[in-house]
2 protein chains.
Amino acid sequence: MATIRDVAERAGVSVSTVSHVINGTRRVSRETQERVQAAMTALHYQPNRLARSLRSRRTQTLGVLLPNSANPFFAQVLLGIEAAGYDHGYNVILGNANDDPRRELAYLDILLSKQVDGVVLVSTGAYGAALDFLMAHDAPVVMVDRSPGEAYDSFQIDTVFVENTRGGVLATEYLLRLGHRAIGCISGPSLLTSSAERVIGYRQALIEAGVGVDETLIVAGDFQHESGYRACRELLARPSPPTALFVCNDLMAVGALCAAHEAGLRVPEDISIVGFDDIPLASFSVPRLTTVAQPARQLGARAVALLVSRLKDRQLPARHERLPVHLVERDSCQRYKGRELL
Amino acid sequence: MATIRDVAERAGVSVSTVSHVINGTRRVSRETQERVQAAMTALHYQPNRLARSLRSRRTQTLGVLLPNSANPFFAQVLLGIEAAGYDHGYNVILGNANDDPRRELAYLDILLSKQVDGVVLVSTGAYGAALDFLMAHDAPVVMVDRSPGEAYDSFQIDTVFVENTRGGVLATEYLLRLGHRAIGCISGPSLLTSSAERVIGYRQALIEAGVGVDETLIVAGDFQHESGYRACRELLARPSPPTALFVCNDLMAVGALCAAHEAGLRVPEDISIVGFDDIPLASFSVPRLTTVAQPARQLGARAVALLVSRLKDRQLPARHERLPVHLVERDSCQRYKGRELL
DNA sequence: CTGAAAGCGCTAACAC
DNA sequence: GTGTTAGCGCTTTCAG
């Protein structure tokens, strides 16, 4: 590959001039400019961004650490991050913690030693070691979707979450409005704020409606298909099963759909189900899933926007964004008409 | 951050010694070794991999270029790449061409100038510009899942595809064995080899069974949900609609499921559907989808393995792998019992 | 077994 | 407007 030196020689100018032409950091005479341009194209010059980064201390690269890639929701977020990164002139190094906090930490170490300019962290949710590490290294971070526990919420770092509590309220109120009273809840991992907050919304709505919370109707999943399936079976096996379900993410909701189907129940005739996320699949499940939509790609886009602005000014105060959610009514819910089949 | 120089000073040895201790490239006395180790931990030394890469001309970073992120199948492949990369000591810079060949090219340019050691390319399928570019730059590449047209198959580059044709045969023979004769096909984009080959398998099976190919029963989709939905509606609107469908990927198959459902048809009682991919969703659709499974994560893993081996020895001859597929029987197909409802 | 010296390719002070 | 110089932090000869 041709180096900047080759270009300079060929154009008959100094290396620094070439550099300035490339970066537009200096006024250059028209003629020089053209000579340099010509030399660059003639030699197919491609700057070595490694060298550039070493010198300028900026890599134009962001690290993204995801908890796992099993959830299409994260894929969406990643998509948003990548796209926004591209628009801002940043590349993205992907890390997948594989739900293992140790691997999460190991990855962060590598990302930082590769000198990423900043990190988008979707925490595994297990302890705050990752965050502590990043803080210790004074790395620009933005936390997305969840924090590893409320203790970390007050950290002086940027966060982009969604209105989880409001989403839980929205879903539950909707089911209440349809006349349901025995409303079950399939939660996610309890230490994830994203799940915990949704359940809080669920409780809140129930209490405000004067229905009260039946703790035995809340069963914990882990945000994966399978657990939604199992949790739903468990709920349906109860002596008096719920007539509606608020499931804390779509993946589990689809699992629940499947379990209901297998149990010989029709959705929504026999049981209503509302999910959370609005992943692409939600509009193509059978029946199509009513769900609380959160703007996954925008989550990634906002995260990058915050991160990039912080890179410009490290002194900015910590910002905490909550992106709005809304209920998408599809075909998985129906007015309660009294218990017939159960 | 502490530099290697700081460590050397503190340990009272030369910089080169520290370097050799870190990389294990030299025999070092026990004592020196320990002193260096101690200094490193005391200073929380973290090597600057940028500098290392600049000097050693290896970044331990691979570029991955995906055509888009809308398809969970690619997310799976990416997962496999990331995991295998991690195991081999490589990081992954993600690029998303967004189905735009120009962006694909722009991305490759950036990836190369960031000095990635190699590129995993899942082509957008539009022309071979990306490949040409990579060849011109003499970059190690492995092409995954598809090539941008058969003309490029003979290129001297490593490829990891799956047995698409065999998959098409498998699916179609299965439907034939169930007694179906009017078997429709929803294909992907025609210029993608992955789609084209599957359709070839479909034709092949039909011809070998003496059934013959009804061209009007083949309709093209684009590998997205929506197009499967539309294609299925189109097929069902025919005067004599097919009793079974081979759909070239699961995303479209789920769309087809949805269309069939909306048309008042039961799957599999009224129409049988078999997909291709076996994405996670396939086991949770209603009904669960019978499909030709391809090892998505392994595709990524093999790609990385080939790429890494090539990085070790650039002279290796081009290798072409075809990973096996197999039929996963679930609940979306049934023996043909004569046309009742249609 | 260890050290000195020379860069990787680029940018950014500092001169003129 | 342009050139000279000094590194970024590391690895890798080349000497000993």
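Nothing in this text is a laboratory measurement; each read-out follows from the coordinates by a stated rule. Bear in mind that the values here come from a model prediction, so they are computed numbers and not experimental data. All Cβ positions, even for glycine, are placed from backbone atoms using ideal geometry, and neighbour counts span all protein chains on display.
Tabulated results
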quantity: Every residue from the stretch B:211-230 that is over 18 Å from B:Leu191 (Cβ atoms) and hydrophobic (A, V, I, L, M, F, W, C); calculated: B:Val211, B:Val213, B:Leu217
quantity: Some residue of the stretch B:66-78 being in a loop (DSSP other than H, G, I, E, B), within 16 Å of DNA strand C (Cβ to nearest atom) and of a type outside the set (Asp, Glu); calculated: no
quantity: Residues of the stretch A:15-31 classified as near DNA strand D (Cβ under 6 Å from one of its atoms) and either within 47 Å of the chain's Cα centre (by Cα) or surrounded by 17 or more Cβ atoms within 10 Å (Cβ to Cβ) (or both), total; calculated: 6
quantity: Those residues of the stretch A:5-14 which are buried (at least 18 other Cβ atoms within 10 Å of the Cβ) and more than 12 Å from DNA strand C (Cβ to nearest atom), in sequence order; calculated: A:Arg10, A:Ala11
quantity: Residue list for the stretch A:39-58, filter: more than 30 Å from the chain's Cα centre (by Cα) and facing another protein chain (nearest Cβ under 8 Å); calculated: A:Gln46, A:Pro47, A:Asn48, A:Ala51, A:Leu54
quantity: Restricting the stretch A:50-63 to residues that are of a type outside the set (Lys, Arg) and in a helix (DSSP H, G or I), the residue that is nearest to DNA strand D (Cβ to nearest atom); calculated: A:Leu54
quantity: Candidate set: the stretch B:67-76, residues that are more than 9 Å from chain A (Cβ to nearest Cβ) and of a type outside the set (Phe, Trp, Tyr); chosen: the one nearest to A:Ala296 (Cα to Cα); calculated: B:Asn71
quantity: Scan of the stretch A:275-321 for residues that are of a type outside the set (Gly, Ala, Ser), in a loop (DSSP other than H, G, I, E, B) and under 30 Å from A:Ala259 (Cα atoms), ordered by number; calculated: A:Asp278, A:Ile279, A:Phe284, A:Val286, A:Pro287, A:Arg288, A:Leu289, A:Gln294, A:Pro295
quantity: Search result, residues across the stretch A:295-320 that are in contact with a helix residue (DSSP H, G or I) (Cβ under 7 Å, 6 or more places away or on another chain) and farther than 15 Å from A:Val122 by Cα; calculated: A:Ala305, A:Val308, A:Leu316, A:Arg319
quantity: Subset of the stretch A:159-196 [acidic (Asp, Glu) and outside any helix (DSSP H, G or I)]; calculated: A:Glu163
quantity: Test: A:Val28 is closer than 27 Å to B:Leu65 by Cβ and among the β-branched types (Val, Ile, Thr); calculated: no
quantity: Matching residues in the stretch B:267-292 - criterion: being hydroxyl-bearing (Ser, Thr, Tyr) and out of contact with any strand residue (DSSP E or B) (no Cβ under 8 Å at 6 or more places or on another chain); calculated: B:Ser283, B:Ser285
quantity: Top-ranked residue of the stretch B:32-46 - restricted to ones that are closer than 28 Å to B:Tyr90 by Cβ and surrounded by 18 or more Cβ atoms within 10 Å (Cβ to Cβ), ranked as farthest from DNA strand D (Cβ to nearest atom); calculated: B:Val36
quantity: Any hit, the stretch A:119-134, residues being on the phi > 0 side of the Ramachandran plot and within 10 Å of chain B (Cβ to nearest Cβ); calculated: no
quantity: Residue ID - farthest from DNA strand C (Cβ to nearest atom), chosen from residues in the stretch A:15-49 that are part of a helix (DSSP H, G or I) and of a type in the set (Lys, Arg); calculated: A:Arg30
quantity: The stretch B:1-14, residues that are within 14 Å of chain A (Cβ to nearest Cβ) and either more than 8 Å from DNA strand D (Cβ to nearest atom) or not in a helix (DSSP H, G or I) (or both); calculated: B:Met1, B:Ala2, B:Thr3
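Let's see how each residue does on (1) buried (at least 22 other Cβ atoms within 10 Å of the Cβ); (2) at the interface with chain A (Cβ under 9 Å from one of its Cβ atoms):
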site: B:Gln60; (1), (2): no, yes
site: B:Leu65; (1), (2): yes, no
site: B:Leu78; (1), (2): yes, yes
site: B:Glu82; (1), (2): yes, yes
site: B:Tyr86; (1), (2): no, yes
site: B:Gly89; (1), (2): no, no
site: B:Leu94; (1), (2): yes, yes
site: B:Asp99; (1), (2): no, no
site: B:Arg102; (1), (2): no, no
